[in-house]
Amino acid sequence: MAIRAATLDEYQVKAVFLFNFTQFVEWPATAFADPGAPFVIGVLGQDPFGRHLDQVVEGERVNGHRIVVRRLDRIEDAAGVHILYVDRSAGPQLAPDAVSRLDAQSTLTVSDADLQAARDVVIRFLNANNRIRLRINVNSAQSAKLVLSSKLLRPAEIVGREGAQ
């Protein structure tokens, strides 16, 4: 899954990716406090999206859950977040086990930075030749009890399983 970023701002494209992940990832029912709970996309650290992310998800739903966007200053505020984008500005504040502590709530972690955490984020954005590509760590997804569609995996660089690079 690659999108040319030449005509769109990089973070406009990444905002669309974040929304599209809702269509290709399955969260366990336990990821929601109740049937009426919103689907939460969190942005940790400096917000590179501006209004783009809010505009992309406005009026959208995921399996009946309305989507809301929350900006977070600390990873400890990520309770109830289903997709957490970790900006590179947040990397230095993260404890080595910070990403893996989100597994219990089945959070899809996404970043474009190498966070040097004990466990990698599930999806890392890579920018190569003005194209945004995905690196997916299947072990991280499995630890978070997330089921990833083959449509998401097929075009991605897969890491975290035996034989994968």
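Filtered by the rule that a residue be without any contact (Cβ under 8 Å) to a residue 24 or more places away in the chain, surrounded by 14 or more Cβ atoms within 10 Å (Cβ to Cβ) and within 22 Å of residue 146 (Cβ to Cβ), region 29-70 gives no residues. Of all the numbered requirements in (1) out of contact with any helix residue (DSSP H, G or I) (no Cβ under 6 Å at 6 or more places or on another chain); (2) of a type outside the set (D, E, K, R); (3) surrounded by fewer than 20 Cβ atoms within 10 Å (Cβ to Cβ), residue 123 misses one, and that requirement is (3). Taken as a whole, the structure places residue 73 among residues that are surrounded by fewer than 13 Cβ atoms within 10 Å (Cβ to Cβ) and either over 15 Å from the mean Cα position of the chain (by Cα) or aliphatic (A, V, I, L, M) (or both). Here is a check on your reading of the model: is residue 54 at pLDDT 95 or above and acidic (Asp, Glu)? So residue 54 passes the test.
Here 98, 104 are screened, and the one residue that is within 21 Å of residue 147 (Cβ to Cβ), without any contact (Cβ under 8 Å) to a residue 24 or more places away in the chain and of a type in the set (Gly, Ala, Ser) is 104. For region 149-160, taking the residues that are in a loop (DSSP other than H, G, I, E, B) and in contact with a strand residue (DSSP E or B) (Cβ under 9 Å, 6 or more places away or on another chain), the one that is modelled with the lowest pLDDT is identified as 160. Out of the residues in region 87-120 that are of a type in the set (Ser, Thr, Tyr) and assigned to a strand (DSSP E or B), which is surrounded by the fewest Cβ atoms within 10 Å (Cβ to Cβ)? Going through the qualifying residues, I end up with 111. Selection of first residues in region 110-123 that are closer than 15 Å to residue 142 by Cα and at pLDDT 80 or above and of second residues that are of a type in the set (Asp, Glu) and surrounded by fewer than 22 Cβ atoms within 10 Å (Cβ to Cβ), restricted to Cβ pairs under 9 Å at least 6 apart or on distinct chains, gives the following pairs, ordered by first then second residue: 120/114.
The values are calculated or read from the model by the stated rules, or taken from the named source; none is laboratory data. Treat the numbers as computed from the prediction; the structure is a model and nothing was measured. A quick note on method: Cβ atoms are made from the backbone with ideal geometry, for glycine too, and the neighbour counts reach across all protein chains shown.
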